[in-house]
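**Student:** The following block contains the structure, expressed as structure tokens.
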Amino acid sequence: MSITITPSNHAVPDSERREKVAAPGFGKYYTDHMVVCEWTEEDGWGVPELKAYAPISLDPAAMVFHYGQEIFEGMKAYRQPDGGIALFRPEANAARFKRSAERIALPQMPEALFLETVDALVKQDAGWVPDKVGESLYIRPFMFATEVGLGVRPSNRALYMLIATPAGAYFNPANAVTVWISTEYVRAALGGTGEAKCGGNYAASLVAQRAAAKEGCDQVVWIDAVERKWVEEMGGMNLYFVKGTGASATIFTPKLTGTLLPGITRDSILSVAADLGYKVEEGMISVDEWRDGVASGEISEIFACGTAAVVSPVGCAKSAMGTWVTGDGKPGEITMQIRNTLLGIQHGTIPDTHNWMKKVL
Ligand SMILES: *Cc1c(COP(=O)(O)O)cnc(C)c1O
């Protein structure tokens, strides 16, 4: 499969692009190109087209607007010390995109095709990859149902698209995230779509995010749907708890029960923490254990992790059961060590012993 490439005839001028890339924010600017690839039940996947970034036109009766059949991925390309560009674990995103598609009854895109489109867009828009540590090109693959019709059934047409946006290091070392543990809303139940990266999960989460903001919190923490006590995730990120301190600390994360989104950053930190000599554990942690562990000092640090922010310290937790603060409310030592190690691997300044980085240029 090769890609049809039609370069934009109105790319952002070099000087303007450099200004934007120097202060990228997140999701503020999009690169000059995008990739589009159509699938139909009859003919399968078409030839992907790389072309100028532009609005698309869809029939108002396209199924995605009515029944929400949509999935996405989030991945990053990082500038390397030699000026090149490398992707972090793109095969893991390709594999998860397939699993999400299966759950949402969308077509499964072959991994090789997915990876080829990512590679082509990053090469084409290489000038949009920022240089500084913590900065990156954030890549957003997504797919949605385009069959025209209001009948409720899996769509027989789908559109895959790929866009990219330069991303700043949105991390404020002075501030840990404040979270609202929601006992009112549920993110995912067994048999539902919690493991799939689909837009619908996010649509269902926004009212809880708003409730968290009303409580003065940055993010919502989700607990399990059945017993309403086991900690699952934070917003669109997985959670880690540091038990104990120093070299004998245990790095703990809620296990994947079928309702958590299997984060690639979460998975990578399991390895990174073990490489750094820590004990690593996946299990269950209740809200009570969180509160008591923080009170006794057994839980010394908490952080959230995901592609967008990489690692974010979690400080104050609020809930209907009370408010408690981890440590001194500042990013912990082990949190920062893990963050810096992962970023070092991503930027090619720390040896990539797991062969995670895939060179694009
Ligand atoms: C994407 C996502 C994560 C983090 O996954 P990464 O692969 O690490 O980016 C965690 N939770 C939810 C709900 C997500 O959508």
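The values are calculated or read from the model by the stated rules, or taken from the named source; none is laboratory data. Keep in mind that what you see is a predicted model, and the values were worked out from it rather than measured. Cβ atoms come from the backbone with ideal geometry, glycine included; neighbour counts cover every protein chain shown.
**Student:** What are the residue pairs meeting all of these: first residue in the range 187-200, first residue under 14 Å from Gly236 (Cα atoms), second residue basic (Lys, Arg) and within 9 Å of the ligand (Cβ to nearest atom), Cβ atoms under 8 Å, and 6 or more apart or on different chains?
**Tutor:** Hits for this filter: Gly194/Arg187; Lys197/Arg96.
**Student:** Here is a list: Thr259, Thr253. Which entry is within 25 Å of Phe97 (Cβ to Cβ), without any contact (Cβ under 8 Å) to a residue 60 or more places away in the chain and β-branched (Val, Ile, Thr)?
**Tutor:** Exactly one of Thr259, Thr253 is within 25 Å of Phe97 (Cβ to Cβ), without any contact (Cβ under 8 Å) to a residue 60 or more places away in the chain and β-branched (Val, Ile, Thr), namely Thr253.
Residues checked against (1) among the basic types (Lys, Arg); (2) surrounded by fewer than 18 Cβ atoms within 10 Å (Cβ to Cβ); (3) not assigned by TED's automatic domain parsing to the domain that holds Leu239:
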site: Thr323; (1), (2), (3): no, yes, no
site: Lys330; (1), (2), (3): yes, yes, no
site: Ile334; (1), (2), (3): no, no, no
site: Met357; (1), (2), (3): no, no, yes
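**Student:** When only residues in the range 248-279 that are within 16 Å of the ligand (Cβ to nearest atom) and among the β-branched types (Val, Ile, Thr) count, which is farthest from the chain's Cα centre (by Cα)?
**Tutor:** Of everything passing the filter in the range 248-279, Ile251 is farthest from the chain's Cα centre (by Cα).
**Student:** Here's a check for you: in the range 146-191, which residue that is polar (S, T, N, Q) and over 29 Å from Ser286 (Cα atoms) is surrounded by the fewest Cβ atoms within 10 Å (Cβ to Cβ)?
**Tutor:** Asn156
**Student:** Does at least one position in the range 98-113 carry a residue that is more than 15 Å from Ala158 (Cα to Cα) and either surrounded by 23 or more Cβ atoms within 10 Å (Cβ to Cβ) or not assigned by TED's automatic domain parsing to the domain that holds Asp131 (or both)?
**Tutor:** No - not one qualifying residue is present in the range 98-113.
**Student:** Can I ask one more? Out of Ala212, Ala247, report the one residue that is surrounded by fewer than 20 Cβ atoms within 10 Å (Cβ to Cβ), at pLDDT 95 or above and either farther than 22 Å from Ala95 by Cα or β-branched (Val, Ile, Thr) (or both).
**Tutor:** Ala247
**Student:** Would you be able to say whether some residue in the range 119-137 is in a strand (DSSP E or B), outside the structural domain of Ser271 (by TED's automatic domain parsing) and either among the basic types (Lys, Arg) or crowded, with 23+ Cβ neighbours inside 10 Å (or both)?
**Tutor:** Among the residues of the range 119-137, at least one is in a strand (DSSP E or B), outside the structural domain of Ser271 (by TED's automatic domain parsing) and either among the basic types (Lys, Arg) or crowded, with 23+ Cβ neighbours inside 10 Å (or both), which makes the answer yes.
**Student:** Follow-up question, since we're still on this one. What number of residues within the range 290-319 satisfy the criterion of being in a strand (DSSP E or B), in contact (Cβ under 8 Å) with a residue 60 or more places away in the chain and of a type in the set (Ser, Thr, Tyr)?
**Tutor:** 2
**Student:** Would you be able to say whether some residue in the range 264-276 is part of a strand (DSSP E or B) and either aromatic (Phe, Trp, Tyr) or modelled with pLDDT of 95 or more (or both)?
**Tutor:** No, the conditions are met nowhere in the range 264-276.
**Student:** Is it fair to say Ala174 is in a loop (DSSP other than H, G, I, E, B), closer than 30 Å to His33 by Cβ and more than 12 Å from the ligand (Cβ to nearest atom)?
**Tutor:** When the stated conditions are applied, Ala174 does not pass them.
**Student:** Let me ask something additional. Quick one: which of Ser8, Ser57 is exposed (fewer than 12 other Cβ atoms within 10 Å of the Cβ), small (Gly, Ala, Ser) and in the same structural domain as Trp128 (by TED's automatic domain parsing)?
**Tutor:** Numbers: Ser8 fails: exposed (fewer than 12 other Cβ atoms within 10 Å of the Cβ).
Going through Ser8, Ser57 in turn, just one is exposed (fewer than 12 other Cβ atoms within 10 Å of the Cβ), small (Gly, Ala, Ser) and in the same structural domain as Trp128 (by TED's automatic domain parsing): Ser57.
**Student:** Just for strands (runs of 3 or more DSSP E) wholly inside the range 34-97: which have at least 1 residues that are under 26 Å from Glu147 (Cβ atoms), touching a Gly at 6+ places or on another chain (Cβ under 9 Å) and within 16 Å of the ligand (Cβ to nearest atom)? Don't jump to the end; show me each part of the working.
**Tutor:** Numbers: elements: 49-52, 70-72, 75-79, 85-88.
Once the strands (runs of 3 or more DSSP E) in the range 34-97 are filtered for at least 1 residues that are under 26 Å from Glu147 (Cβ atoms), touching a Gly at 6+ places or on another chain (Cβ under 9 Å) and within 16 Å of the ligand (Cβ to nearest atom), what remains is 70-72.
**Student:** Report whether or not Gly192 is more than 19 Å from the chain's Cα centre (by Cα), within 16 Å of the ligand (Cβ to nearest atom) and under 30 Å from Trp324 (Cβ atoms).
**Tutor:** yes
**Student:** Which one is surrounded by the fewest Cβ atoms within 10 Å (Cβ to Cβ) among residues in the range 192-205 that are closer than 20 Å to Phe65 by Cα and touching a Lys or Arg at 6+ places or on another chain (Cβ under 8 Å)?
**Tutor:** Ala204
**Student:** A further question follows. Condition test on Glu215, is it free of Cβ contacts under 8 Å to residues at least 60 places away in the same chain and in the same structural domain as Val310 (by TED's automatic domain parsing)?
**Tutor:** When the stated conditions are applied, Glu215 does not pass them.
**Student:** Could you tell me whether Leu276 is surrounded by 15 or more Cβ atoms within 10 Å (Cβ to Cβ) and more than 23 Å from Asp352 (Cα to Cα)?
**Tutor:** Taking the combined requirement at face value, the residue does not satisfy it.
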